[in-house]
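S.K.: Once you've had a glance at the structure underneath, I'll fire off some questions.
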Amino acid sequence: MTTRDTTGAGDVARSLELLWGTGERPSRGPRPGLTLDRIVTTAVGIADAEGLGAVSMRRLSTELGTGTMSLYRYVPGKAELLDLMLDRVTGEPLPDAPPAGTAPWQDAVRDMARAHLTLYRTHPWLLKVNLSRTVLGPSALRGLEYALHALRAMRLGDTELISVIITVQSYVSGIARTELEAVEAAQQTGQSEEDFWNSQEPFLSKAMLSGEYPLMAALAEDTFTSDFDHFSFGLERLVAGLEALVRSRETADTDANTAPDPDKDATPEADTEADTDTAPGPDAADSAS
């Protein structure tokens, strides 16, 4: 099993200090132009171009033209640097302020999904990182605040809103990972996606003619075309499913508000009649005497 870099694997307290700017600033060294912002920017650039494995303190020192020990004045090591890199790129898909709240939540889901797809395409190394323990810096919290603001019109419970965000992000990461793996396969083998499938065509044609796979043999010739937008198709089905949930909740709320109140509509006739039948009258008292 391949070991992946994991966020939150270093000194979490130090990462948080650096993210929120509460830690002690390093003393000015021989390279005044060296800053934490520049270090993180350079690290992200290396990861974008060559992958996260190419990022190291030694490589950074070479790119920045400084000694490796100088970097440690700003960031303890690669684990904490990864936390800063993640928070840096996480803020990229977001505008400066939350939405005004006038756009339908369906559009917010679509925008969120497309923004994250762009994020993964721009920084494919994110798909190689174990993000289960994300250190929550300013960009991460701003992103969550933005999403909650945009989706609150769904009128779901708090836990359910978080689940909506997780569902959208999981869908997007799955699509993005499929895209990335196709690119990596072509790079590693030197064979294009088209050539790979064409090489199997004689064997597949024979299999289809065997009669053992009638449903597959009946598929249209363009079934597996690359022109079909699988991402948009799946996204719209996801939105439709969420719409069904929201409508069912709205219907349930309406029914609950319009249901008759049994206490309010009850009439006392039955009780009065029962009392009349059972209570002893004056004749009964006379008979007893």
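The values are calculated or read from the model by the stated rules, or taken from the named source; none is laboratory data. On a predicted model such as this, the values are computed, not experimentally measured, just so you know. Cβ atoms come from the backbone with ideal geometry, glycine included; neighbour counts cover every protein chain shown. Side chains are part of the model used for accessible areas, which takes the heavy atoms of the whole protein and leaves out ligands, DNA and RNA. Shrake-Rupley method; radii C 1.70, N 1.55, O 1.52, S 1.80 Å.
S.K.: Of the conditions (1) at pLDDT below 95; (2) not in a helix (DSSP H, G or I), Glu194 clears all except one; give me its number.
M.R.: (2)
S.K.: Do the conditions hold for Val44, that is, is it under 17 Å from Gly137 (Cβ atoms), modelled with pLDDT of 95 or more, outside any loop (DSSP other than H, G, I, E, B) and open to solvent by less than 60 Å² (accessible area, probe 1.4 Å)?
M.R.: Details: under 17 Å from Gly137 (Cβ atoms): yes; modelled with pLDDT of 95 or more: yes; outside any loop (DSSP other than H, G, I, E, B): yes; open to solvent by less than 60 Å² (accessible area, probe 1.4 Å): yes.
Spelling it out, Val44 is indeed under 17 Å from Gly137 (Cβ atoms), modelled with pLDDT of 95 or more, outside any loop (DSSP other than H, G, I, E, B) and open to solvent by less than 60 Å² (accessible area, probe 1.4 Å).
S.K.: Picking from Glu201, Glu179, Glu212, which residue would you name as being open to solvent by less than 70 Å² (accessible area, probe 1.4 Å) and acidic (Asp, Glu)?
M.R.: Glu179
S.K.: Can you work out which of the residues in the stretch 58-89 that are free of Cβ contacts under 8 Å to residues at least 24 places away in the same chain and aliphatic (A, V, I, L, M) is most open to solvent (accessible area, probe 1.4 Å)?
M.R.: Only one residue fits best here, namely Met69.
S.K.: Scan (1) surrounded by 13 or more Cβ atoms within 10 Å (Cβ to Cβ); (2) of a type in the set (Gly, Ala, Ser); (3) at pLDDT 95 or above for the single condition Ser163 breaks and write down its number.
M.R.: Against the list (1) surrounded by 13 or more Cβ atoms within 10 Å (Cβ to Cβ); (2) of a type in the set (Gly, Ala, Ser); (3) at pLDDT 95 or above, Ser163 comes up short only on (1).
S.K.: Also, quick follow-up: Which residues, taken from the stretch 215-261, are hydrophobic (A, V, I, L, M, F, W, C), in a helix (DSSP H, G or I), open to solvent by less than 100 Å² (accessible area, probe 1.4 Å) and at pLDDT 95 or above?
M.R.: Result: Ala217, Phe231, Leu235, Leu238, Val239, Ala240, Leu242, Ala244, Leu245, Val246.
S.K.: Separate question: When you look at Glu63, is it assigned to a helix (DSSP H, G or I) and over 17 Å from Val168 (Cα atoms), yes or no?
M.R.: yes
S.K.: Just name the residue that is farthest from Gly45 (Cα to Cα) out of those in the stretch 118-146 that are among the polar types (S, T, N, Q) and open to solvent by 60 Å² or more (accessible area, probe 1.4 Å).
M.R.: Ser132
S.K.: Given (1) at pLDDT 95 or above; (2) over 17 Å from Trp105 (Cβ atoms), where does Ser132 come up short, assuming only one miss?
M.R.: Only one criterion in (1) at pLDDT 95 or above; (2) over 17 Å from Trp105 (Cβ atoms) is unmet by Ser132, namely (1).
S.K.: Of the conditions (1) on the phi < 0 side of the Ramachandran plot; (2) at pLDDT below 95; (3) loosely packed, with under 15 Cβ neighbours inside 10 Å, Ala49 clears all except one; give me its number.
M.R.: (2)
S.K.: Find the residue count for the stretch 147-159, including only residues that are surrounded by fewer than 16 Cβ atoms within 10 Å (Cβ to Cβ) and in a helix (DSSP H, G or I).
M.R.: 6
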